[in-house]
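Accompanying notes for the structure given below.
The values are calculated or read from the model by the stated rules, or taken from the named source; none is laboratory data. Bear in mind the structure is a predicted one, so any value in this text is a computation, not a measurement. All Cβ positions, even for glycine, are placed from backbone atoms using ideal geometry, and neighbour counts span all protein chains on display.
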Amino acid sequence: MENLAQPNYILEVTYLIASILFIWGLKSLSHPDTARRGMFLAEAGMAAAIIGTLFHHDIQFFGWIIAGLILGSLVGAAFAIWVPMTAMPQRTALSHAFGAIAAALVGIAEFVMHSGTMSTFTRSALGLEVMLGTLTTTGSLIACGKLQGVIRGAPVQFKGQQLLNLLIFFGMIGSFGYVLYNPAATGFFYTMVVLGFLFGVMLVIPIGSADMPVVMSLLNSYAGLSSAATGFVLGNNILIIAGTLDGFSGFILSILMCKAMNRSITNVLFGGFGAVHHEAGPGATGDMKEISLEDAAVRLAYANKVVIVPGYGLATAQAQHAVRDLANVLEDRGVTVKYGIHPVAGRMPGHMNVLLAEANVPYGDLYEMEQINPELSTTDVAVVVGANDVVNPDARDNPNSPIAGMPIVEVDKAKTVIVLKRGQGRGFSGLENPLFFKQNTNMLYGDAKATLSRLAQEVKNV
Ligand code: NAP
């Protein structure tokens, strides 16, 4: 625990600098123009926090710290170099699991060493830290497994599940309460640890992969709060500040994502979205009309206004540069090109903005869903690049659809819609999309990157 007798000015000043950098970084992340800088600021903040900690009075042996630094840096670098952008959600889930297990282990170690001498307040913070840390660890590992496809993505539900979850939850809280009352009750402490791990699994298995981004953002919030509680246990200000920032930003993000999908947090956590195949609306029948590359190029070349709507397929195909090249070719011909961005297109918030920014698409060409929708009826061609759920008109037209009420980019209102996808694959919700059967929709099959490159070439030849 912190040596309170001697003020440690170097440590406090570096922690203050780190806190400012974290807050500044977070603020910068709220706009695509400054988001990159925000990441660097946050990184610098983390470096300052680590350097400051090295000046802690209680450190007597640096060997473990150096070993941790080397190991952590190696794992972090490997992740950054080899994990593809498309696997970012599951990579993030793994990071949450690492952070959470670290908090839980610190809590367990503190309990083993100091439980007898701790104040009730510190013991409460420790209990919170360990409960949130353990459940976030296993919850994040299950989320990662589902997103990576090593665990079945569909919700796992059985009779009596909610009752069992309640029992585990109250068993965990009850054990925590008893430890508060009797710090020598080690058996109850370890029961709480085991139930925490179990609760994480039980909390996430009934949720389908389509809802994993929201779950992860919630788990992120728990991991942050667990770190903040660790800060109270260790008397460490930077952990309290960074943990609270992390905890609340994760929570706000979960709410924003739910809002963009027109769902509630309870519906995400207990709704079992994706468990059953729901009926698509009456429009999802008939044939999908295919269009040739040449015909698609002619329609684009002679259009006045084209709106491009990217989705998850753009990310899997890494087609962001190819889409920018097509837009350039069209603009050279005098066509107005705009991008319509749905807030939950892809697999994480801001996914499309990040990819398009990487390809140097001017930020002014990106239009949020609410801005682009009124323009679609005057759009000659809407080009859907690997998007599916976010352009599914059932969300608007079929009250029985599980995504009913979710706002969509209304591409079906454009004069012509060209959909670029590989085949008849469904979106992450697993729902059929009536858009593909509409009179004004034309399917252009193939990998988005390859199709866009060939399309750009073809437009040049028109
Ligand atoms: P989507 O509904 O998952 O559809 C993606 C489509 O891309 C698929 O239908 C697939 O069809 C196609 N595709 C895949 N690889 C491709 C490739 N290489 N080339 C061309 N097409 C390819 O994607 P979305 O419209 O972006 O919707 C996002 C979904 O994630 C929504 O359900 C949303 O609610 C959910 N979600 C997102 C977030 C977030 O933060 N972004 C958070 C929570 C939930 P083929 O297999 O036929 O190619």
- line: Cβ pairs under 6 Å, 6+ apart or interchain, first in the stretch 302-320 and assigned by TED's automatic domain parsing to the domain that holds Gln371, second more than 12 Å from the ligand (Cβ to nearest atom) and of a type in the set (Gly, Ala, Ser), ordered by first then second residue, are Val307/Ala382; Gln320/Ala359
- request: Only residues in the stretch 388-416 that are over 18 Å from Ser377 (Cβ atoms) count as the first member; pair them with residues that are away from the ligand (no atom under 11 Å from the Cβ) and in a helix (DSSP H, G or I), Cβ under 6 angstrom, at least 6 apart or cross-chain, and list the lot.
  value: Asp394/Pro434; Ser401/Asp394
task: Give me the pairs, please: first residue somewhere in the stretch 34-48 and farther than 15 Å from Leu11 by Cα, second residue anywhere and assigned to a helix (DSSP H, G or I) and among the aliphatic types (A, V, I, L, M), beta-carbon distance under 6 Å, and either six or more positions apart or on two chains.
output: Leu41/Leu21; Ala44/Leu21
- request: Tell me the helices (runs of 4 or more DSSP H) entirely within the stretch 308-408 that contain at least 1 residues that are away from the ligand (no atom under 14 Å from the Cβ) and more than 21 Å from Glu432 (Cα to Cα).
  value: 320-332, 351-358, 369-372
message: Suppose we filter Ile151, Ile173, Ile142 for residues that are among the β-branched types (Val, Ile, Thr), in a loop (DSSP other than H, G, I, E, B) and in the same structural domain as Ser226 (by TED's automatic domain parsing); which single one remains?
response: Ile151
- request: Could you tell me whether Tyr190 is at pLDDT 90 or above, assigned by TED's automatic domain parsing to the domain that holds Ile17, touching a Leu at 6+ places or on another chain (Cβ under 9 Å) and not hydrophobic (A, V, I, L, M, F, W, C)?
  value: no
statement: Listed by first then second residue, the pairs whose first member lies in the stretch 327-352 and is among the charged types (D, E, K, R), whose partner is part of a helix (DSSP H, G or I) and within 10 Å of the ligand (Cβ to nearest atom), with beta carbons under 9 Å and at least 6 positions apart or on separate chains, are Arg347/Thr86; Arg347/Pro89; Arg347/Met212; Arg347/Pro213; Arg347/Tyr312; Arg347/Ala315
task: Collect the residues in the stretch 409-438 that are within 26 Å of the chain's Cα centre (by Cα), crowded, with 19+ Cβ neighbours inside 10 Å and in a loop (DSSP other than H, G, I, E, B), keeping them in residue-number order.
output: Val409, Glu410, Gly427, Phe428, Ser429, Gly430, Leu431, Glu432, Asn433
- prompt: Quick check: anything in the stretch 26-36 surrounded by fewer than 17 Cβ atoms within 10 Å (Cβ to Cβ), out of contact with any Phe, Trp or Tyr (no Cβ under 8 Å at 6 or more places or on another chain) and among the polar types (S, T, N, Q)?
  reply: yes
statement: Within the stretch 206-223, residues over 16 Å from Met46 (Cβ atoms) and away from the ligand (no atom under 16 Å from the Cβ) come out as Pro206, Tyr222
message: For the condition within 16 Å of the ligand (Cβ to nearest atom), closer than 30 Å to Ser119 by Cα and at pLDDT 90 or above, what is the one hit in Ser249, Ser226?
response: Ser249
message: Which residue is nearest to the ligand (Cβ to nearest atom), if the candidates are limited to the stretch 419-462 and must be farther than 13 Å from Leu293 by Cα and among the aromatic types (Phe, Trp, Tyr)?
response: Phe428
